[in-house]
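Undergrad: Structure provided below as structure tokens; questions to follow.
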Amino acid sequence: MHGPGSASWLLVVLCAASGAYCLLRMRSGAEEQRRTAGGEALMGFGMAVMAVPAAVLDPPRAVWLGYAAVFAAAGLRMAWPTGSGPRHLHHAVGALAMVYMSAAMVTTPGGHAAGHGGAGTPAVTGALLLYFAGHVLLSGARLAPAGGAVSAGGRGRPPLGAVVGWADRPELVLVCRLTMSMGMLAMLLAL
């Protein structure tokens, strides 16, 4: 969270772009996709704000407590649906990570997370780092075409010639989630 200037701004741009794409996905005709996209937009924009360099934006501790409350509620909402699957679990873990990082911003002197001096349990940070590193590797592997060739209509791709809107592109959804997981890794490393 508040890392070096250029890296922080890059993270802000990537997370905000992911959040913006998720807002676009909320126009989908599928109710479940709209709900998921809304949670992912919240996560993307929340990560973007959290990554803004402290020299530009240094909110008081009460703001971080509000962040923790918002993401705790979002995590409970994502973990609650009856059709909970791996995606809902991933969103719940992401919300938990945001609560954890927000709490670290509250407990760290000056509100800057620059080490583990009272900012949280290093074991929790390590577990979250392992989880998001695994998610990044798995998502990256799913994006790579099998056998070096892209087949029309294979692995969740629409058939050749089908008209697909930007909101319903499965590979872009995966790239969005991959980007947010990489952003989460960067933020956890800076914790």
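Undergrad: Residue 59 fails exactly one of the following numbered conditions: (1) part of a helix (DSSP H, G or I); (2) in contact (Cβ under 8 Å) with a residue 12 or more places away in the chain. What is the number of that condition?
TA: If we test residue 59 against (1) part of a helix (DSSP H, G or I); (2) in contact (Cβ under 8 Å) with a residue 12 or more places away in the chain, just (1) comes out false.
Table: residues versus (1) over 22 Å from residue 63 (Cβ atoms); (2) in contact (Cβ under 8 Å) with a residue 40 or more places away in the chain.
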residue	(1), (2)
10	yes, no
17	yes, yes
20	yes, no
27	yes, yes
31	yes, no
34	yes, no
39	no, yes
43	no, yes
47	no, yes
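Undergrad: Output the residue which, of all residues in the range 1-18 that are closer than 16 Å to residue 184 by Cβ and open to solvent by 50 Å² or more (accessible area, probe 1.4 Å), is modelled with the lowest pLDDT.
TA: That would be 7.
Undergrad: Also, I was wondering about something else. Could you check the range 19-49 and list, in sequence order, the residues that are among the aliphatic types (A, V, I, L, M) and either open to solvent by 10 Å² or more (accessible area, probe 1.4 Å) or farther than 14 Å from residue 74 by Cβ (or both)?
TA: 20, 23, 24, 26, 30, 42, 43, 48, 49
Undergrad: Here are some residues: 72, 68, 123, 103. Which one is modelled with pLDDT of 85 or more, under 22 Å from residue 177 (Cβ atoms) and in a helix (DSSP H, G or I)?
TA: Checking each option against the conditions leaves just 72.
The values are calculated or read from the model by the stated rules, or taken from the named source; none is laboratory data. This one's a predicted model, so the numbers in the text were calculated from it and none came from an experiment. Positions of Cβ are generated from backbone atoms using ideal geometry, with glycine treated the same way; all protein chains shown enter the neighbour counts. We work out accessible area using only protein heavy atoms, side chains counted, and drop any ligands, DNA or RNA first. Shrake-Rupley method; radii C 1.70, N 1.55, O 1.52, S 1.80 Å.
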